[in-house]
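Notes to accompany the following structure.
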Amino acid sequence: MLVNRVRLVRYLVRRTVCAASIVVRRAVWAECLLRDTTGENSMMEMGEESQAESDQTWRSNGSDQCQKASPVEATVEPLPNSETLPGIKTEETVISEGKAKIIFPSANEVFYNPVQEFNRDLTCAVITEFARQQLISKGILVLVPGEEDRQKIVVNLTESESAGTAAGSGDASAAKRTASVGEKCEGGIRVLEGLAASGLRSIRFAKEVPGIHSIVANDFSSRAVELMKRNIELNGVGHLVTASLADASMLLYESKRRWDRFDVIDLDPYGSPSQFIDAAVQAVSEGDMAVMAGNSGETCYSKYGSMSLKSKFCHEMALRIILHNLDLRANCYQRYIVPVLSVSVDFYIRVFVQVFSGQAKVKASASKQALIYNCVGCGTFHIQRMGKMVSHGNNSKYTASTGPPVGAECEHCCQKHLLGGPIWAEPIHDQGFVKRVLQSVEHNPKRFKTSDRILGMLSMVKEELPDCPLYHTMDHLSSVIRSNTPSLLQMRSALLHAGYRVSLSHASKKAVKTDAPSSVIWDIMRCWERLHPVKREKLSPHSPAFRILSKEPVLQACFDIREDANPKSRKQGLKRFQENPEANWGPKARARAGGRIHQPLEDKSKRLQNKRKQKLNGPDYGKTIPCKKFREGNCAHGEECRYSHHKANETSKGTDQ
């Protein structure tokens, strides 16, 4: 299994790769993967920190530890005395998260991001379900604290004759031994955290995820490794977690042999994770799960082999760009991916995938990728598959796809199209796996501090249409025709009345996913405009709004609210989208070499407030810029002109000639 988180800040713009964040930056971000033994699985988590630092300087390699500690969000305990916990100095801080306690040298050296606790909780939940799924085939039943009652019910059902035909009952009844949290499990999963920093994730895995055989917590900084060793000793997980000092890429390449591969690989660099993907897809076991996370890069194409678009659907596009890149890298080694869970969260993205080997399956990868034609005027998008697979009994024929699906101009507003991608065009979630994780968290809500948000997020994921790439947003549709915005229930009802499927998206509050063609979408908006007219006399004849509204709707939309228009997660009031926990809570600057702290963002913003305006009003501003009117001989300001009246440039030109 491979885990990779991608930051989503400006992910799919100039500095976009996944972001979602990025958005796919997220991010993302995230950036994962494999092994060559049939029937075996593994997991990998990938992050976004650069390894350019010398091991003689301190810095945090993991993005989880790249944020300033907050007294509101982080649980800071009184420092234990040296007798209770030997080796902890008075200037150090102990932070608790989940079942782990982590030593941080001081607020000036190491950063902790409590907002990322949701991501670590979600990772623990997914890895637990992954371990449960993989170890049951080996006759091992994982035991999670708080799930005892649920597990007893499952075992009792499998022992009864009526449950003999139930799915999975044979596997559960075949369990001959159990694996508990904190115990070494022979035949369990092997985990690698490539950029561990303080070792927080590795320690949480050891204390919260059952079925673990061993965990390698690696970092390129010798001081980080020293800190990890102390944290491992503090938490009493030395029998499961081993600290390692090595370059993450080299460690992955050295582990690509079948018997050396890891079942779970976690790479979480601060920057782009693209440099680790090639090694990751070779060092992870067969059928592994991967979560990719990464920061937005300078160029999406150079890092991920895909052109990102500045669009309203950029968050989901970031997820699909990461999946495309993972599958592309895996194909080089006759491997392919099967997405399990892909989410856009806060300022990054996380993608969990399973990776398998098979030359025949790899041939079908081209048909799973697609290009995007996005209109620059109305924002309409069209999907163009890159390949086509035709089945003939047990055989399949692979050919190039035909196209394009659009003309030279948009059929709705007569504007040009932008070409983006390739992206992953297949489903981005495994609904069965998502359902199992959701049930596990529902039966044990006290296991994680962020369980309510995990339930809300996974509930929305379970409701999404799996075969409808990308989405529309209500604010964008209404802004194109310059009208007010229909409610989500009204839009969903109109699509349902027209006979199409529709769902919301976890990636955006105002998103609508549907299998309706773009012509139906704009017909619905035309009908809405008739009920809420706009001032057409103010529209330019060449504007997208004028051209769209000048056509008569073919479909007569009905906006009467339907009962099935309101999804279950919305009716139940689940926590689907998190409110900002605090000011300036998003991704912060990279940790500095030597442990120096960045200036607080609020102080920096105050210092730079109105910086441009102050510069424009400065007395010397413009003196280096030649005055155009003076050059033309008609500047009336004379010496009071704020621009330069010097002829040095013109004189030098005359001398050269």
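The values are calculated or read from the model by the stated rules, or taken from the named source; none is laboratory data. Since the structure is predicted, the reported quantities are computational estimates derived from the model, not experimental observations. A quick note on method: Cβ atoms are made from the backbone with ideal geometry, for glycine too, and the neighbour counts reach across all protein chains shown. Surface accessibility is based on the protein's heavy atoms, side chains included, excluding ligands, DNA and RNA. Shrake-Rupley method; radii C 1.70, N 1.55, O 1.52, S 1.80 Å.
Sort out for me the strands (runs of 3 or more DSSP E) sitting completely within the stretch 387-478 that have 2 or more residues that are open to solvent by less than 10 Å² (accessible area, probe 1.4 Å) and farther than 27 Å from residue 528 by Cα.
417-424
With respect to the numbered conditions (1) modelled with pLDDT under 55; (2) within 31 Å of the chain's Cα centre (by Cα), which one is the sole condition not fulfilled by residue 118?
Only one criterion is unmet by residue 118, namely (1).
Answer yes if at least one residue in the stretch 363-377 is of a type outside the set (Lys, Arg) and assigned to a loop (DSSP other than H, G, I, E, B), and no otherwise.
Within the stretch 363-377 (the criterion being of a type outside the set (Lys, Arg) and assigned to a loop (DSSP other than H, G, I, E, B)), the answer is yes, since at least one residue qualifies.
Any chance the stretch 386-396 includes a residue that's of a type in the set (A, V, I, L, M, F, W, C) and under 26 Å from residue 504 (Cβ atoms)?
Checked against the condition, which is being of a type in the set (A, V, I, L, M, F, W, C) and under 26 Å from residue 504 (Cβ atoms), the stretch 386-396 yields no hits at all.
Where in the stretch 177-272 are there strands (runs of 3 or more DSSP E), lying fully within it, with 3 or more residues that are over 25 Å from the mean Cα position of the chain (by Cα)? If you could, list the steps in order and put the result at the bottom.
Details: elements: 177-180, 189-193, 212-219, 241-245, 264-266.
It comes to 177-180, 212-219, 241-245.
Regarding the stretch 487-508, can at least one residue be identified that is open to solvent by 10 Å² or more (accessible area, probe 1.4 Å), aliphatic (A, V, I, L, M) and over 29 Å from the mean Cα position of the chain (by Cα)?
yes
Could we say that residue 516 is surrounded by 17 or more Cβ atoms within 10 Å (Cβ to Cβ) and assigned to a loop (DSSP other than H, G, I, E, B) here?
Criteria met by residue 516.
Just one of 294, 271 is open to solvent by less than 10 Å² (accessible area, probe 1.4 Å) and modelled with pLDDT under 75; which is it?
After ruling out the rest, the residue left standing is 294.
Being of a type in the set (Ser, Thr, Tyr) and under 17 Å from residue 555 (Cα atoms) narrows it down to one residue among 440, 505, 493, 451; which is it?
Exactly one residue qualifies, and that residue is 493.
Residues of the stretch 320-343 being open to solvent by less than 10 Å² (accessible area, probe 1.4 Å), part of a strand (DSSP E or B) and either more than 21 Å from residue 284 (Cα to Cα) or aliphatic (A, V, I, L, M) (or both), which ones?
337, 340, 341, 343
With respect to residue 227, is the statement that it is hydrophobic (A, V, I, L, M, F, W, C) and modelled with pLDDT under 85 true?
The answer is no for residue 227.
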